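Visitor: Here it is, the structure, as C-alpha cells.
Nothing in this text is a laboratory measurement; each read-out follows from the coordinates by a stated rule. Keep in mind the model is a prediction, meaning the values are calculated, not measured. Reconstructed Cβ throughout: ideal geometry from the backbone, glycine too, with neighbour counts over all protein chains shown.
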Amino acid sequence: MKCNKIDEKLLNEYFDNELDERSARNISEHLRDCPVCSEKLAFFKGVSDLIAESPKINAPVGFTTRVISSLPEKITTRAFFPKILELNFKTFSAAAGFLLIFTSLVFYSAKYISHKNANVTFEISLANASVVTLAGDFNGWNMYATPFNEENGVWSVTLPLKKGTYQYSVIVDGKQWYPDPQDEVSITKNTKIIVPTDIEKI
Amino acid sequence: MDKNIPVKNEDLIFIEETLAGNRESFSCLVDKYKDRLFNLVYRFMGNKDDTMDVCQDAFLQAYTHLNTFKIDCNFSTWLFTIAVNISKNKLKRKKFLNFSIDRQVQTEDDEINNEPADKNSHSEETMLKQERAELLNEMIGSLSSDYKIPFLLKHQENRSLEEIARITNLSVGVVKIRIHRARNILYNSFKERL
C-alpha cells in the first residue's frame, strides 16, 4: 500500500531531520492520520536502531602488529614493491622454504608491439599453503585481486595479459612474497610459467 | 568544533612522524582506527577473513601513499575511502566468482552474530524480535554495495552526507538518493518476507 500524499523522498528527509520547520510540521500532522507512512517511518527507525545497537566487531588481537610487520621499510610514491621485497628478504629469510617468481614480458620494439592478449598461466606447487595469490603490474600490485586455484597441491591461475613488460610476485598465505630468481622472462605468446619451489631460499 | 581540533592535530602529528620514518607513529594511527574500520568493513564483507584482508590492505595502502595525503583532509575519511574502494572491488570480484553467499556464513562468525542462548529469557516476543533482527541484518547484507556502503556509512558511522560523498566519490545528491533507496528496498523486502 502506498501513500499518495507524501512521497518517499520527503519521508526520508523528515526521518533524517533535513526538512525546514514548516515542512516537518506538515509531515508530523500527516503522520497522525496515515498508518502507511507511520509504519514506514517506524521501520526506518527500527533499522537505524538495530544497526546502532548491533554488537561491535573489533579488530582481532595482534592486528596492529600484523599490519606494521607487513609495511615496507620506507614510504615511496611508486614502486613500493621492491621495498616490500627488501623487507621480506630480512623478515622471512629464516622461514621461507619456497620461493618464487618474477616474469617480464619484454616488448620494446615498436614494430613488434601488439595489443593482442596472451594467456599466461602461472603454476606453483605448494602442498602446505592455504591461500596463494598473484600480484603484479597488471592488477596494481593488489595482493588480493588474483587468487590461484588449487588442485592436488598445484596452484594455478591463467590471465589474459596484453603483450608488454610485467613484473609480478606470488604471495603465499597473505604474507610471504616470493620473487622470481630469473628477474625477467620474456614472453610474447601464450605461456605457462611453472614457478619453481626449490630455488635458493630468500 | 573545539573538541575536534586536538584530534585532527594528533593525526597530523602521527602522519608527520610516520613520514619522517617513525613506524611506531603509524601503529598509533592503526590502533586508533582499526576497530571502527573493522566494524564497518565487517558489515560490508559479511565475514572475518575478508574483513581482515580489506582492513590490512587499507592500512598498507594508506601507509605507502601517506605522502600523497592532503593536510586539509581528515585522515579517517581518507582511510575509509581507501577501505571502501578495496571493499567494493572485492565484493565485485566475489559476485563475479559467485561464491559470496556460501562464504558469507561462517561458523567462526556465527559465534559473534548469535548471542549466547538464554532459554529462560526467550519469550515469544524476544524470539520474534530476534528473528526480525536477523532477517533485517540478512537483508542489509544482501543490499548491493552501491546502496549498502552509503547506507552503513550513514547509520553505522554517523557520517554526514558530505563525508559519505567524499568517501564514495559520489555527489551529495546521489548519496542521499542511494540512502533513501536502500531504506525503501529494505522496507519493501521486509514487507514481502513477512
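Visitor: Shielding of A:9-18 by partners, i.e. mean partner chain Cβ atoms within 10 Å per residue? Could the numbers behind the result be given before it?
Guide: Details: counts 4, 0, 3, 8, 2, 0, 2, 6, 0, 2.
Whole-number average of other-chain Cβ neighbours for A:9-18 is 3.
Visitor: A further question on this structure: Cut-off is 10 Å between beta-carbons; in what order do A:Trp155, A:Trp141 appear when sorted fewest neighbours first? If you can, show how the numbers build up before the last one.
Guide: Working: A:Trp155 22, A:Trp141 18.
Exposure proxy ranking, most exposed first: A:Trp141, A:Trp155.
Visitor: Okay, moving on. Per-residue mean of other chain beta-carbon atoms within 10 angstrom of the beta-carbon, peptide B:147-157?
Guide: Numbers: counts 0, 0, 0, 0, 2, 1, 0, 3, 7, 5, 1.
The mean count of partner-chain Cβ atoms within 10 Å per residue comes to 2.
Visitor: Then there is this: Can you tell me the dipole magnitude for the stretch B:121-194 around its Cα centre, using point charges on the Cβ only (Lys, Arg +1; Asp, Glu -1), in Debye to the nearest 20?
Guide: On the way: 12 positive and 10 negative charges, 75 e Å.
Value, rounded to 20: 360 debye.
Visitor: Only counting other Cβ atoms within 10 Å, I'd like A:Cys3, A:Cys37, B:Cys73 sorted with the fewest neighbours first.
Guide: Working: A:Cys3 16, A:Cys37 21, B:Cys73 11.
Fewest-to-most Cβ neighbours within 10 Å comes out as B:Cys73, A:Cys3, A:Cys37.
Visitor: At a Förster distance of 35 Å, what's the computed FRET efficiency of A:Cys3 paired with B:Cys73, Cβ-Cβ distance as r, to 0.05?
Guide: Details: r = 42 Å, r/R0 = 1.19.
Result of the calculation: an efficiency of 0.25.
Visitor: Return the FRET efficiency for the residue pair A:Glu21, A:Lys192: r is the Cβ-Cβ distance, R0 is 51 Å, and the value is rounded to the nearest 0.05.
Guide: Numbers: r = 70 Å, r/R0 = 1.38.
With R0 = 51 Å, the Cβ-Cβ based efficiency is 0.15.
Visitor: Turning to a different aspect of this structure: Provide a whole-number value for the mean count of partner chain Cβ atoms within 10 Å of the Cβ atoms in peptide A:47-56.
Guide: On the way: counts 12, 4, 2, 7, 10, 3, 1, 9, 4, 7.
Other-chain Cβ atoms within 10 Å of each residue's Cβ, averaged: 6.
Visitor: Hey, rough spin-label estimate for A:Asn139 and B:His65, points 7 angstrom out along Cα→Cβ, what's it come to in nanometres?
Guide: Output for this residue pair reads 1.8 nm.
Visitor: State the Cα centre-to-centre distance between the stretch A:29-78 and the stretch B:156-173 in whole Å.
Guide: With the stretch A:29-78 and the stretch B:156-173 each reduced to a Cα centre, they are spaced 13 Å.
Visitor: Provide the per-residue ³J(HN,Hα) series for the stretch B:141-149, in order, calculated from phi with Karplus coefficients 6.51, -1.76, 1.60 and θ = phi - 60°, each as a whole number of Hz, with x at glycine and proline positions.
Guide: Using θ = phi - 60°, the values come out as x, 8, 5, 5, 4, 4, 8, 4, 5 Hz.
Visitor: For A:Glu29 and B:Met127, what is the calculated FRET efficiency with R₀ set at 51 Å and r taken between the beta-carbons, to the nearest 0.05? List each step's numbers first, then the result.
Guide: On the way: r = 37 Å, r/R0 = 0.72.
Efficiency at R0 = 51 Å is approximately 0.90.
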